[in-house]
Amino acid sequence: MSREKLEVADVFRAHGQHWRNEHQGHVGLEQLKVMSAVEHCRSEVLGGHVLYCPACEHVQIAYNSCRNRHCPKCQASAAKRWLEARQTELLPVDYYHVVFTLPESISELAYYNKSVMYGLLLKAAAKTLLTIGADTKHLGARLGVTFVLHTWGSAMTHHPHVHGIVPGGGLSLDGKKWIPCKSGFFLPVRVLSRLFRRLYCEMLREAYEQKTLLFFGECLPIEDEKSFLALLNKQRKVEWVVYAKRPFAGPQAVLDYLSRYTHRVAIANSRLVAMDKQTVSFKWKNYRVKEQNRHRTMTLTQGEFIRRFLLHVLPSGFHRIRHYGLTANTGRKKNLAKARQLLNVNVPIVENDKKEIDEAKAHEPLPTFVCPCCGAGMVVTEVLLHLYLPRAPPKQLS
């Protein structure tokens, strides 16, 4: 199988059923749904349509996508739509990239409590930034932040962390002026780390007291209250990783960066190198060594590859992209309008708006499907039905 054609779906099709049989009763429903979606994405199973080009008579069959947010092939269009919606929210100021990471000893518990502990990670990180930003000792301003949750490392191990994009400044507490950060400096990382650690430990203890945490496997020994509090006390004595990168080179660089992070999945198809009957090889980065030696190739058994991929399936309905502060959904429009007024800038025109203006002038809408041979518009001549058959109702026990 050539490298260009190798996909995560190929691994699932080759070994997925065997893996499901081996782990029957130990695989969650959401994980099974993801496996099915990835296996059948853009195949005859999901149906599709036949396209015909009147100009060059080219015929093409296009199968439907699964649109699952964990599928490596279905993220490009979703990321494009999301980024187009964000273009009007960018301000002409420096933007900073911050990363908040859970310690490894706590991330083990987070795997069994994804909704609770991933949610606390986002909330604690946001509260940390907003609190330190509002402190007059540091900035004394109301910040806005967009967070994206990632749960994987480069080798697909469980590594929960959030990436935040923050403008270099904010509205004053009275809302009458824009307060910028110092050039090239956002907020002190050590102060952020200490507050983040305290807030998360407090929130986690509250979740434990409310009995919303589950304990399985290697986490069973800390289910007892004394052991759990001992774990928290230990975490309060270690440094938690908070990382702040230098500012971006303008708003467009922010968009380019976001496009690589917002709708990323555990591994992209482009990183797969080879697959045989037993193993899968893929490219990864070892961030613990020097820059020039980071890029390496890892080989895993197909079963281990599938297990690691499914580690990062999120609970149904969980929002992995969240906005806080000035960019929170409830007051985003009003806050950004005030910020632009104070910065004396206008609302930018996004590409979609420009296209609509051009189309209105030409009175000819662009074709939905474009011929890959001649570039002319293609028409749908036939609809291919999906191969799923309706299931019979369950048998009633007599």
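The values are calculated or read from the model by the stated rules, or taken from the named source; none is laboratory data. Only a predicted model underlies this, so the values are computations on that prediction, with no experimental measurement involved. Glycine also receives a Cβ, built like all others from the backbone with ideal geometry; neighbour counts cover every protein chain displayed. Just so you know, the surface numbers come from the protein's heavy atoms only, side chains and all, with ligands and any DNA or RNA stripped out. Shrake-Rupley method; radii C 1.70, N 1.55, O 1.52, S 1.80 Å.
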So the check is Cβ under 7 Å with 6+ separation or different chains; which pairs have a first residue in segment 327-347 that's assigned to a helix (DSSP H, G or I) and a second one that's among the β-branched types (Val, Ile, Thr)? Arg340/Val347
Test for Ala110: is it open to solvent by less than 60 Å² (accessible area, probe 1.4 Å), in contact with a Gly (Cβ under 6 Å, 6 or more places away or on another chain) and farther than 25 Å from Phe248 by Cα: no
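Can you confirm whether Asp353 is surrounded by 13 or more Cβ atoms within 10 Å (Cβ to Cβ), at pLDDT below 80 and out of contact with any Ser or Thr (no Cβ under 8 Å at 6 or more places or on another chain)? Talk me through it step by step, then tell me what you get.
Details: surrounded by 13 or more Cβ atoms within 10 Å (Cβ to Cβ): yes; at pLDDT below 80: yes; out of contact with any Ser or Thr (no Cβ under 8 Å at 6 or more places or on another chain): yes.
Judged against the criteria, Asp353 is a match.
What do you reckon, is Leu139 at pLDDT below 95 and either touching a helix residue (DSSP H, G or I) at 6+ places or on another chain (Cβ under 7 Å) or more than 28 Å from Arg205 (Cα to Cα) (or both)? Quick ask: steps written out before the conclusion?
Numbers: at pLDDT below 95: yes; either touching a helix residue (DSSP H, G or I) at 6+ places or on another chain (Cβ under 7 Å) or more than 28 Å from Arg205 (Cα to Cα) (or both): yes.
It is true that Leu139 is at pLDDT below 95 and either touching a helix residue (DSSP H, G or I) at 6+ places or on another chain (Cβ under 7 Å) or more than 28 Å from Arg205 (Cα to Cα) (or both).
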Keeping to segment 164-199, report how many residues are touching a Ser or Thr at 6+ places or on another chain (Cβ under 9 Å) and part of a strand (DSSP E or B). 6
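Among the residues that make up segment 170-180, is at least one of them open to solvent by less than 10 Å² (accessible area, probe 1.4 Å), of a type in the set (Gly, Ala, Ser) and within 12 Å of Ala125 (Cβ to Cβ)? Break it down into steps so the answer makes sense when it comes.
The initial filter retains those residues of segment 170-180 that are open to solvent by less than 10 Å² (accessible area, probe 1.4 Å), namely 170-172.
With the extra rule that they be of a type in the set (Gly, Ala, Ser), the set shrinks to 170, 172.
Still in the list and also within 12 Å of Ala125 (Cβ to Cβ): none.
Checked segment 170-180: no residue is open to solvent by less than 10 Å² (accessible area, probe 1.4 Å), of a type in the set (Gly, Ala, Ser) and within 12 Å of Ala125 (Cβ to Cβ).
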Note on Phe309: of the conditions (1) within 15 Å of the chain's Cα centre (by Cα); (2) buried (at least 18 other Cβ atoms within 10 Å of the Cβ); (3) part of a loop (DSSP other than H, G, I, E, B), unmet is (3)
From Leu91, Leu130, Leu139, Leu121, which residue is out of contact with any Asp or Glu (no Cβ under 9 Å at 6 or more places or on another chain), of a type in the set (A, V, I, L, M, F, W, C) and open to solvent by 30 Å² or more (accessible area, probe 1.4 Å)? Leu130
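Considering segment 46-71 alone, what residues qualify as being open to solvent by less than 30 Å² (accessible area, probe 1.4 Å) and within 20 Å of Val11 (Cβ to Cβ)?
Step one: filter segment 46-71 for residues open to solvent by less than 30 Å² (accessible area, probe 1.4 Å), giving 47-48, 50-51, 53, 62, 70-71.
Selection gives His70, Cys71.
Against the definition (open to solvent by 20 Å² or more (accessible area, probe 1.4 Å) and either polar (S, T, N, Q) or in contact with a helix residue (DSSP H, G or I) (Cβ under 8 Å, 6 or more places away or on another chain) (or both)), how does Arg42 come out, yes or no?
Details: open to solvent by 20 Å² or more (accessible area, probe 1.4 Å): yes; either polar (S, T, N, Q) or in contact with a helix residue (DSSP H, G or I) (Cβ under 8 Å, 6 or more places away or on another chain) (or both): no.
So Arg42 does not fit the description; no.
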